[in-house]
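Every number in this text was worked out from the coordinates using simple rules, so none of it is lab data. Predicted model only: the values in this text are computed from it and were never measured. Please note: Cβ atoms are built from the backbone with ideal geometry, for glycine as well, and neighbour counts cover all protein chains shown.
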Amino acid sequence: MSKLIIDGGKRLSGEISIGGAKNSTVALIPAAILADTPVRFDSVPDILDVHNLMLILKSMNVSSEFKGDVLTIDPTNIVEAPLPSKAIKSLRASYYFMGALLGRFQRATVSFPGGDNIGPRPIDQHIKAFKALGAEVSDKTGPDGLHGAQIFLDIVSVGATINTILASVKAPGTTVIGNAAKEPEIIDIATFLNNMGANIRGAGTDVIRIEGVPTLQARNTHTIIPDRIEAGTYLSLAAAVGDGILITNIIPEHLEAFVAKLEEMGCDLTVYEDSIYVGPSHHLKPIRIKVMPYPGFATDLQQPLTPLLFKADGRSVIIDTIYPKRIKHITELNKLGGKIKSEDTDEGIIVVDHSPKLTGAKVQAGEIRAGASLVIAGLMADGTTEICHADNILRGYGNIVDKLRGVGADVTLEVEERVN
């Protein structure tokens, strides 16, 4: 257990560098077991999810070493073994081991994944794809093993798209994934696999074609793309409490929907090739946001943006069409003095009103992005904010304390020792 202590009400300035994408990393690590050689990643974020995935690798006799931002994984002595249920249940992205193990061994046994409780996130589309590829999901693969197949996903799903790629990349024949998700992280996974000899075309579009190959061999280090969600979080923070903050190591094209909303509010932004400067913001306007699959406004950014909406002169509305139950931040922001409510949890409608004065309080980070919103609100608030269950924040934001201190924030991480 850990908690973040924030002494808020200060104006911040300086530079924040964005790390590698969490949502890429948690898929790339399971993808590494498909390789027939050791693999190496750099720009790896130092987040709890990475360390949990390394524990899962260890259970399969896959060695890994994490130094600085470089992660080396050697799957050459991999063995089939039951995966540790504790690590699986703490991490939603552990379900990528289903696709990776299918691709490697033609079978997989994985406990039902855990992760943030932000509403229903069924894996039926993953199962549908596995069955189309020839797997009997109950207990074993079909009599002839996996094979290429035509697969049309009923809903746009990042997880199902990636899992299908992992399961089919070594399957003989041609696999076509229709209604595929288009997120940059999917392109990142495909780039990593293609550089090892895979034949994946169309990543980033709604139709992905895969020709199965017999072997994958790493020949170079794969650099993970910058984290667009971390970038959006710090852009929101910079607009809310900054006196001039430069956000570096980003790909602005991945943030177009988010940046468009900041500009609509009246934020002072200067967009460069791989960075964005955020000047002090004044007289912000309310906006209306509808969360959509990429390239629309990301569901992971609706909560980090919320504290900035408190500064807008009027009522803003958020409609989360992807995870309408993603509202764990609302009660906690109310404790800080934020005027925010959920009008219709079934439709994902959140209403945010002008809240000129936030005051520090004791709150809880129910999940990663809810915790991020509390960090920003705590920096905006007068007095001290204590965020409990900060482990949830650390799952998605590497070196967050150092990054915040680097721009002048008064932030302390306290780790509570567990007594057995």
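What the table shows:
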{"quantity": "Cα-centred dipole magnitude for the chain, charges only on beta-carbon of K, R (+1) and D, E (-1), debye, nearest 20", "calculated": "620"}
{"quantity": "Links that overshoot a 24 Å alpha carbon limit, given the list LYS261/LYS341; LYS341/LYS403; LYS131/LYS170; LYS311/LYS362; LYS339/LYS362", "calculated": "LYS341/LYS403"}
{"quantity": "The chain, helix-only ellipticity at 222 nm - DSSP H runs n ≥ 4, -39,500 (n - 2.57), divided by all residues, nearest 500", "calculated": "-9000 deg cm²/dmol"}
{"quantity": "Folded to 0 to 90 degrees: helix 158-168 orientation relative to the chain principal axis, Cα", "calculated": "20"}
{"quantity": "DSSP-defined beta bridges in the chain - what % are antiparallel, rounded to 5", "calculated": "70"}
{"quantity": "Efficiency of FRET from Cβ geometry, LEU413 and THR270, R₀ 25 Å, rounded to 0.05", "calculated": "0.20"}
{"quantity": "Net charge of Cβ neighbours under 11 Å - reference ALA198; Lys, Arg +1; Asp, Glu -1", "calculated": "+1"}
{"quantity": "Extension gain, GLN217 back to HIS282 (0.36 nm per residue minus Cα-Cα distance, nm)", "calculated": "18.1 nm"}
{"quantity": "Residues with amide H under 5 Å from that of ASP410, placed H, sequence gap 5 or more", "calculated": "ASP7"}
{"quantity": "Förster radius 30 Å - calculated FRET efficiency between LYS290 and ASP382 (Cβ-Cβ, nearest 0.05)", "calculated": "0.35"}
{"quantity": "13 Å cut-off, amide nitrogen to a point 7 angstrom out along ASN77 Cα→Cβ, residues in the range 45-61", "calculated": "58-61"}
{"quantity": "Extension gain, ASP402 back to VAL317 (0.36 nm per residue minus Cα-Cα distance, nm)", "calculated": "27.3 nm"}
{"quantity": "Computed E for THR248/PHE66 - FRET, C-beta separation, R0 30 angstrom, nearest 0.05", "calculated": "0.85"}
{"quantity": "Fraction of beta bridges assigned by DSSP in the range 278-420 that are antiparallel (%, nearest 5)", "calculated": "45"}
{"quantity": "Isotropically averaged projected area of the chain, using the convex hull of Cα atoms (one quarter of hull area), nm²", "calculated": "19.0"}
